[in-house]
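A quick write-up on the structure given underneath.
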Amino acid sequence: IAKAGIIATLNARTAVLASANPTESRYNPSLSVVENIKLPPTLLSRFDLIYLILDAPNVDSDRQLAQHLVGLYYETPKVTKPPLEQE
């Protein structure tokens with residue numbers, strides 16, 4: 001803590017878990033973490049550990065995962081056909 005020229009250090013037992021998405025929705029490996037996330041380095045420097053979890057795009061597995069997630073919340077309506085009238 002720095003206030004009015006007085007600097008103090010306090011013991012803290014706190015854990016912070018944060019996540020961030022890349023600014024252009026896809027991680028660009030040719031850029032640094034700071035450039036991909038576009039958070040100020042002063043904010044990123046406050047974290048002791050930074051882990052990157054990258055998802056390689058795959059149309060088939062992404063579609064299967066999306067269908068599974070949507071299926072958890074929406075049931076397929078049970079549609080019954082009316083009986084056919086016979087003349």
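Filtering Ala20, Ala66, Ala15 for residues that are open to solvent by less than 80 Å² (accessible area, probe 1.4 Å), aliphatic (A, V, I, L, M) and closer than 30 Å to Ile1 by Cβ leaves a single hit, Ala20. Give the residue that is surrounded by the fewest Cβ atoms within 10 Å (Cβ to Cβ), with candidates limited to residues of the stretch 34-58 that are in a helix (DSSP H, G or I) and within 18 Å of the chain's Cα centre (by Cα). Looking at the filtered set, the residue picked out is Glu35.
The values are calculated or read from the model by the stated rules, or taken from the named source; none is laboratory data. As the structure is a computational prediction, the values presented were derived from the model and not from experiment. Neighbour counts are summed over all protein chains in view; Cβ atoms, including those assigned to glycine, are modelled from backbone coordinates with ideal geometry. For the accessible areas, the whole protein counts, side chains as well, though only heavy atoms, and no ligand, DNA or RNA atoms are used. Shrake-Rupley method; radii C 1.70, N 1.55, O 1.52, S 1.80 Å.
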